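**Student:** Have a look at this one before I ask anything.
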Amino acid sequence: MQVFDTAAAHKQILDHVQQLIRLTEEEETYFLSILKPRVLRRRQYLVQQGEVCRFENFVVKGTLRAFAIDPKGQEHNVHFALEDWWISDFQSLLTEQPATLYIEAIEETHLLQIEKKDIDQLFINVPPFERFFRVKLQNAFIAFQNRIFSTISQTAEERYLELRRRYPLIEQRVPQYMLASYLGITPEFLSKIRRELATRH
């Protein structure tokens, strides 16, 4: 496993945060003080169904997936997170109820974590973060709504092209069977879509 570069990770998350809000040096110092570095091995779980999710997680490096398992044991991928994305089981984090999702590292992944109680205190000590996380939550809701709409109204090919647009490098980072699950199709059908697209270009 690679060594966690805390200084580089702190710079990365500050650059990310300050795309939306401005912080004083004192606020930056406080924010960095509540972050907890964590490294996940490939295939290691960040959260498992039934556990309470207690952290919001910023991806410094690596790739994760959030998925559910149906009564037949079939996995359904619902979300991927790459560098500069946030990931958690939001429902569990906010309600402190057991998680409904599994979150797993697809490759070695470096995270900066913020515990729920520290987020609450962060809003008090650094009020601009309320806006930051509100915007992030709004964006997540919009993405969720768009995903539902695409499932209802778009063809599998259109959903695949939209996935490539949103995650340009995802096919290099995520196995085909996971992408197919996210799209709601079989790996074989995804291969067929790729072949057909390749013949058109």
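The values are calculated or read from the model by the stated rules, or taken from the named source; none is laboratory data. These numbers come from a predicted model, not from an experiment. Note that each Cβ is placed from the backbone with ideal geometry, even for glycine, and that neighbours are counted across all protein chains shown.
**Student:** Take segment 138-157 and flag every residue that is out of contact with any helix residue (DSSP H, G or I) (no Cβ under 7 Å at 6 or more places or on another chain), of a type in the set (Ser, Thr, Tyr) and assigned to a helix (DSSP H, G or I).
**Tutor:** Those that are out of contact with any helix residue (DSSP H, G or I) (no Cβ under 7 Å at 6 or more places or on another chain), of a type in the set (Ser, Thr, Tyr) and assigned to a helix (DSSP H, G or I): THR151, SER153.
**Student:** Now, a different point. On the basis of being surrounded by fewer than 19 Cβ atoms within 10 Å (Cβ to Cβ), in contact (Cβ under 8 Å) with a residue 12 or more places away in the chain and hydroxyl-bearing (Ser, Thr, Tyr), does THR95 make the cut?
**Tutor:** Considered against the rule, which asks whether it is surrounded by fewer than 19 Cβ atoms within 10 Å (Cβ to Cβ), in contact (Cβ under 8 Å) with a residue 12 or more places away in the chain and hydroxyl-bearing (Ser, Thr, Tyr), THR95 comes out as no.
**Student:** Does any residue in segment 136-150 that is surrounded by 13 or more Cβ atoms within 10 Å (Cβ to Cβ) come within less than 8 Å, Cβ to Cβ, of a residue that is part of a helix (DSSP H, G or I) six or more places away or on a different chain, and which pairs are these?
**Tutor:** LEU137/PHE90; ALA140/PHE90; SER150/GLU158; SER150/ARG159; SER150/GLU162
**Student:** Here's another thing I want to ask about it. List pairs: first residue in segment 165-180 and assigned to a loop (DSSP other than H, G, I, E, B), second residue at pLDDT 90 or above and among the β-branched types (Val, Ile, Thr) anywhere in the structure, Cβ distance under 7 angstrom, at least six positions apart or on different chains.
**Tutor:** Partner pairs satisfying both residue conditions: VAL174/THR63; VAL174/ILE106.
**Student:** Within segment 123-137, is there a residue that is touching a Leu at 6+ places or on another chain (Cβ under 6 Å), assigned to a helix (DSSP H, G or I) and either small (Gly, Ala, Ser) or under 18 Å from LYS36 (Cα atoms) (or both)?
**Tutor:** Checked segment 123-137: at least one residue is touching a Leu at 6+ places or on another chain (Cβ under 6 Å), assigned to a helix (DSSP H, G or I) and either small (Gly, Ala, Ser) or under 18 Å from LYS36 (Cα atoms) (or both).
**Student:** Please specify each residue of segment 172-191 satisfying the condition of being surrounded by 14 or more Cβ atoms within 10 Å (Cβ to Cβ) and farther than 23 Å from ARG43 by Cβ.
**Tutor:** ILE185, PHE189
**Student:** Which one of THR29, THR24, THR63 is surrounded by 14 or more Cβ atoms within 10 Å (Cβ to Cβ) and either without any contact (Cβ under 8 Å) to a residue 12 or more places away in the chain or touching an Asp or Glu at 6+ places or on another chain (Cβ under 8 Å) (or both)?
**Tutor:** Unique residue meeting the criteria: THR63.
**Student:** Looking for whichever is of a type outside the set (Lys, Arg), touching a residue at least 12 places away in the same chain (Cβ under 8 Å), within 20 Å of TYR45 (Cβ to Cβ) and crowded, with 19+ Cβ neighbours inside 10 Å here; the options are TYR160, TYR102. Which one fits?
**Tutor:** Going through TYR160, TYR102 in turn, just one is of a type outside the set (Lys, Arg), touching a residue at least 12 places away in the same chain (Cβ under 8 Å), within 20 Å of TYR45 (Cβ to Cβ) and crowded, with 19+ Cβ neighbours inside 10 Å: TYR102.
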